[in-house]
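The structure under discussion appears below in the form of structure tokens.
The values are calculated or read from the model by the stated rules, or taken from the named source; none is laboratory data. Here the structure is a predicted model, which means the values were calculated and not measured. Glycine gets a Cβ as well: all are built from the backbone with ideal geometry, and neighbour counts include every protein chain shown. Side chains are part of the model used for accessible areas, which takes the heavy atoms of the whole protein and leaves out ligands, DNA and RNA. Shrake-Rupley method; radii C 1.70, N 1.55, O 1.52, S 1.80 Å.
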Amino acid sequence: MAASELLARKLAKVAPDEDPALVAGAIAIFAIETIKRSAGNLMEARAYLDGLRDGIDGLLKNAFADDAGKKASG
């Protein structure tokens, strides 16, 4: 996770004012290129993608944990 955070901080420095959707798209393209180099076939690539999807979901849940708590109590 530390390496990912370091890359995220670098990206924030070079594209602080970019539309989040464009940044996410660029990250997705980078991830696909990286997966393409690592995976031997489409099934393996999809397994990487499933792991990435689960990781993003976990990060979003953590990022919005306070909001979920506010909704439950409010």
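Okay, here's what the table says:
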quantity	calculated
Computed accessible area, residue 49, all protein chains, 1.4 angstrom probe, square angstrom	70
For P(r) over Cα pairs in 5 Å bins from 0, in percent, calculated from these coordinates, the label among [x] 4, 16, 29, 30, 16, 5, 0; [y] 3, 13, 14, 20, 26, 17, 6, 1; [z] 3, 13, 15, 23, 19, 13, 8, 4, 2, 0	[z]
Dipole in debye (nearest 20) - the chain, about Cα centre, beta carbon charges: Lys, Arg +1; Asp, Glu -1	120
Accessible area of the chain belonging to carbon and sulfur atoms, whole % at 1.4 Å probe	63
The chain: calculated mean residue ellipticity at 222 nm from DSSP helix runs of at least 4, using -39500 (n - 2.57)	-28000 deg cm²/dmol
Solvent-accessible area of residue 9 with every protein chain in place, 1.4 Å probe, in Å² to the nearest 10	150
Helical segments meeting 20 Å axial Cα length and Kyte-Doolittle 0.5 threshold in the chain (DSSP H)	20-38
Probe 1.4 Å, protein heavy atoms only - accessible area per residue of the chain in square angstrom	87
